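**Q** First the structure, then my questions, so here it is.
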Amino acid sequence: MTQLSSCSCVCACVRACVRVCVFVCWLCGSRDCIYLYEVPYLHYRQTNAPLVACSPWESTVFMKWSEDLWIIMYVLVTSAMFWKFDLHTTSHLEALLDKEDVTLSELMDEEDVLQECKAQNRRLLLFLCQDQCMQELVCMITTEPPAGVEETKRFKYPNIACELLTCDVGMINDKLGNEEPLLETLYAFLEQPSPLNPLLASFFSKTIGNLITRKTEQVISFLRGKEGFLSLVLKHIDTSAMMDVLLRLISCVEPPLLRLETLTWLNEEKLAQRLIELIHPERDEERQSNASQTLCDIIRLSRDQANQLQEISQPDPLLTVLESQESVEQLLQNMFSGERSESCIVNGIQVLLTLLEIRRPVVDGVMDAQGFERSYTINSSILLAIEPHLIHFHQLLLEPPKRNPMLTTLGVLEEPLGNTRLHVARLVASLLYTSSASHAVIAQELCRLNTMDLLLDLFFKYTWNNFLHLQVELCVAAILRPCAHEMRLQPSLSSQDKFKLQDTTQELHCHLVQRILEAWEENDKIQSEGGMRRGYMGHLTRIANTVVHNLEKGPVHTQISSLIKGLPEDYRGRWETFVDQTLSETNRKNTIDLVNTLAHLMYLVKANPTLILATFDRIAEININIDGGQDTANTAVFEACSKERIQPFDDDEEDIWEEKVNSKAPVAGVGFAAWETPTSKPAATDAEEKGWAKFTDFQPFCCSETGPRCSSPVDSELSGSDNTKPNQNRKFNLT
């Protein structure tokens, strides 16, 4: 019984091999092999008749073998046919490795050398890990190629050498990380005079970065033994690849204890102070820009990785230095020393904005314990260092660095706003948002300087600069809701602190209502004469809505109410008329515009299903900010228009792929009536008849994070009312 059982198992395995061999033959196109052996076997299985070979050269009648014996013969003959036709492939790289005098260049000329290396071809790796080959590879990425070679081929070998050294193969990492002569050759690249070849610098950065990640202890020990390492890196900081080397040392060192030792070493070498020294008017712009970006990245990385160091109860030494009052004061002194340079001021403000970030965007859906974005506590020393220099920033708004006239689509702009004044506006918005009740001195100083009045002047002067308009809107919103984020992060504020904030709010809004009325009336006059609608009207609408909503309900609604009552009688009557009629009608039209847009998109989807993906990509870009917790006339209009114009799909009644014409859809070439009144409108209360758009928060300026960008704290603020979670709100941008 045991022998029969073993024989059955063998036969089962053989049958599986038969099927695999036939399938391989079919894939390789050897249909003769399949026809010759598979057909007779199937014939035997079905009829139990004698087997006859089907090829001309094989016409002998087979004897009736037992089934198991036939299967064994079948496998042997099929395998022989497979190898007879030479259906397997061999790499030319193997033939080269068989040569005794093969060179590294010959192997690098092969197209599949990288693929074989990543596949860990042992013969190839043994060849590459020879001392001579490794030296050649390192020299290729650190030595300037001959100038006479064609540019397209000049960096071919250095590029392949870099890919081989960084393909993350254990044998190569061990050889390069454990051999000090190889590390010395690699390190010698930093000792070359400036400027470095940017392409070779990127090869060096990628190689040393891979070693820091994979051979951390060995490489860190080697670099710490080099006395002038940090000086050489900062010497070449004008090459962007050197920033990556520093960031690798900060972010890619594990475990946490070794990372703390590395950060302590960098702090002892005064990395933060030396980077701040590079942001100076006497330095070239590229060096300033890279130093500023490095500081911003260090701050963000240190804050994001703070949890790792909490395990060993040690603060990040680099972050502690950067947030200290001495470092911020040194940065500000560099920015305003000597002749004022736009590059120095802008790069310095970018560092300040990063220090003032209290929230970071959600990364991969990771939130903090409260369900909000990651939040950080701002060190009060930063605000204390900035406060004495507010007068300098105010002066920059009045007298920015000189700029040449700029040609725009609307004509020549004799005095452009400039990057300096835009960054100052961003800084003011960040300070107003960040400074809490305990730091009301910042807001009071801005009141004394009339900085808000000056920003409003620029708001209306530069009619088409929406970047500036957004920052001024953020300033107004931060003033009208001074405790919005503090009430969430620090629920207990003393009555004395709140009084200081509210008193500051009243001072900052001395002319806001008048400016809104005058600008709106001026725009109406220009449009009535056939002119263009002013570019700031969308932001002005949102500012007006912010004032109205915080007048009805908000942290400083009492102060805003007294401000309105203190207006001259003429302005007070114009404001009430503006609120009840003009603003209400504008909000209603904006709501209907949104519904019309959505209805038209839904019609296009039904008419042409191929537009579904593109359509929903566009819908995803629409931000809606309507509080679902309160019933307003605006919400009622939106719901009524939605029910009328957007018909839900009913798969049971009609086929959405069938070409049909919707009776309510617009005729080709004719759009929806933009201001059409809904046929059915629900009854509204007196409070709802005003038709307010419920804008409880402002929309931040969103920019791609793919590029290096320093965002202000308000850029990443979550919108939402005090009683509503941010992720439950919908946002609508009326700009």
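The values are calculated or read from the model by the stated rules, or taken from the named source; none is laboratory data. From a predicted model like this one, the values you see are computed outputs, not experimental measurements. As a convention, Cβ positions derive from the backbone with ideal geometry for all residues, glycine included, and neighbour counts pool all protein chains shown. Note: accessible area is taken over every heavy atom of the protein model, side chains too, but ligands, DNA and RNA are not part of it. Shrake-Rupley method; radii C 1.70, N 1.55, O 1.52, S 1.80 Å.
**Q** Check the range 164-175 and report whether any residue there is touching a Lys or Arg at 6+ places or on another chain (Cβ under 6 Å) and free of Cβ contacts under 8 Å to residues at least 24 places away in the same chain.
**A** No, the range 164-175 contains no residue that is touching a Lys or Arg at 6+ places or on another chain (Cβ under 6 Å) and free of Cβ contacts under 8 Å to residues at least 24 places away in the same chain.
For (1) open to solvent by 60 Å² or more (accessible area, probe 1.4 Å); (2) more than 30 Å from the chain's Cα centre (by Cα); (3) within 26 Å of MET537 (Cβ to Cβ), each residue gets a yes or a no:
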| site | (1), (2), (3) |
| --- | --- |
| ILE391 | yes, yes, no |
| GLN395 | yes, yes, no |
| VAL424 | no, no, yes |
| VAL428 | no, no, yes |
| CYS447 | no, yes, no |
| LEU455 | no, no, yes |
| TYR462 | no, no, yes |
| HIS469 | no, no, yes |
| VAL472 | no, no, yes |
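**Q** Shifting gears a bit: What pairs come out if I take residues in the range 187-205 that are within 10 Å of LEU232 (Cβ to Cβ) and pair them with residues that are surrounded by fewer than 17 Cβ atoms within 10 Å (Cβ to Cβ) and charged (D, E, K, R) whose C-beta lies under 7 Å away, six or more apart or interchain?
**A** TYR187/LYS226
**Q** Let me spell it out: the conditions are (1) farther than 20 Å from SER341 by Cα; (2) touching a Ser or Thr at 6+ places or on another chain (Cβ under 8 Å), and ILE276 meets all of them except one. Which number is the exception?
**A** So ILE276 meets the others, but not (1).
**Q** If a residue has to be closer than 15 Å to ARG481 by Cβ, open to solvent by less than 30 Å² (accessible area, probe 1.4 Å) and not polar (S, T, N, Q) to count, how many in the range 545-574 make the cut?
**A** Count: 6.
**Q** Based on what the data block shows, is LEU410 closer than 19 Å to LEU468 by Cα and modelled with pLDDT under 95?
**A** Numbers: closer than 19 Å to LEU468 by Cα: yes; modelled with pLDDT under 95: yes.
Considered against the rule, which asks whether it is closer than 19 Å to LEU468 by Cα and modelled with pLDDT under 95, LEU410 comes out as yes.
**Q** Here is a further query. In the range 400-415, is there at least one residue being open to solvent by less than 10 Å² (accessible area, probe 1.4 Å), basic (Lys, Arg) and touching a helix residue (DSSP H, G or I) at 6+ places or on another chain (Cβ under 7 Å)? If you could, list the steps in order and put the result at the bottom.
**A** Step one: list which residues in the range 400-415 are open to solvent by less than 10 Å² (accessible area, probe 1.4 Å), which gives none.
No: the range 400-415 contains no residue that is open to solvent by less than 10 Å² (accessible area, probe 1.4 Å), basic (Lys, Arg) and touching a helix residue (DSSP H, G or I) at 6+ places or on another chain (Cβ under 7 Å).
**Q** Still on this model: Checking the condition aliphatic (A, V, I, L, M) and farther than 25 Å from LEU446 by Cα, which residue from ILE543, ILE526, ILE564, ILE516 passes?
**A** Of ILE543, ILE526, ILE564, ILE516, the one residue that is aliphatic (A, V, I, L, M) and farther than 25 Å from LEU446 by Cα is ILE526.
**Q** Just give me the residues in the range 173-229 being open to solvent by less than 10 Å² (accessible area, probe 1.4 Å) and among the aromatic types (Phe, Trp, Tyr), in sequence order.
**A** Within the range 173-229, PHE189, PHE204, PHE229 qualify.
**Q** What number of residues within the range 184-208 are assigned to a helix (DSSP H, G or I) and under 20 Å from TYR157 (Cα atoms)?
**A** Number satisfying all stated conditions: 16.
**Q** Please find, within the range 556-574, the residue that is modelled with the lowest pLDDT out of those that are out of contact with any helix residue (DSSP H, G or I) (no Cβ under 7 Å at 6 or more places or on another chain) and outside any helix (DSSP H, G or I).
**A** GLY566
**Q** Something else: Select from the range 210-245 the residues that are closer than 22 Å to ASN290 by Cα and outside any helix (DSSP H, G or I) and write down the one among them that is nearest to the chain's Cα centre (by Cα).
**A** Top of the filtered list is SER240.
**Q** Which of the residues belonging to the range 147-170 are assigned to a helix (DSSP H, G or I) and open to solvent by 20 Å² or more (accessible area, probe 1.4 Å)?
**A** Of all residues in the range 147-170, those assigned to a helix (DSSP H, G or I) come to 151-154, 156-165, 170.
Within the range 147-170, GLU151, THR152, LYS153, ARG154, LYS156, TYR157, ASN159, ILE160, GLU163, GLY170 meet the criteria.
**Q** Look at the range 142-169 and say how many of its residues are of a type in the set (Val, Ile, Thr) and under 18 Å from CYS117 (Cα atoms).
**A** Looking only at that region, the number is 3.
**Q** Are there helices (runs of 4 or more DSSP H) fully within the range 246-352 with at least 3 residues that are within 25 Å of the chain's Cα centre (by Cα)? List them. It would help to see each step written out before you state the result.
**A** Details: elements: 256-268, 271-278, 285-304, 306-310, 317-322, 325-335.
Those helices (runs of 4 or more DSSP H) span 285-304, 306-310, 317-322.
**Q** If you check every pair at least six apart or on different chains, which have Cβ atoms under 7 Å apart with a residue in the range 569-592 that is in contact (Cβ under 8 Å) with a residue 12 or more places away in the chain first and a residue that is hydroxyl-bearing (Ser, Thr, Tyr) second?
**A** THR586/THR541
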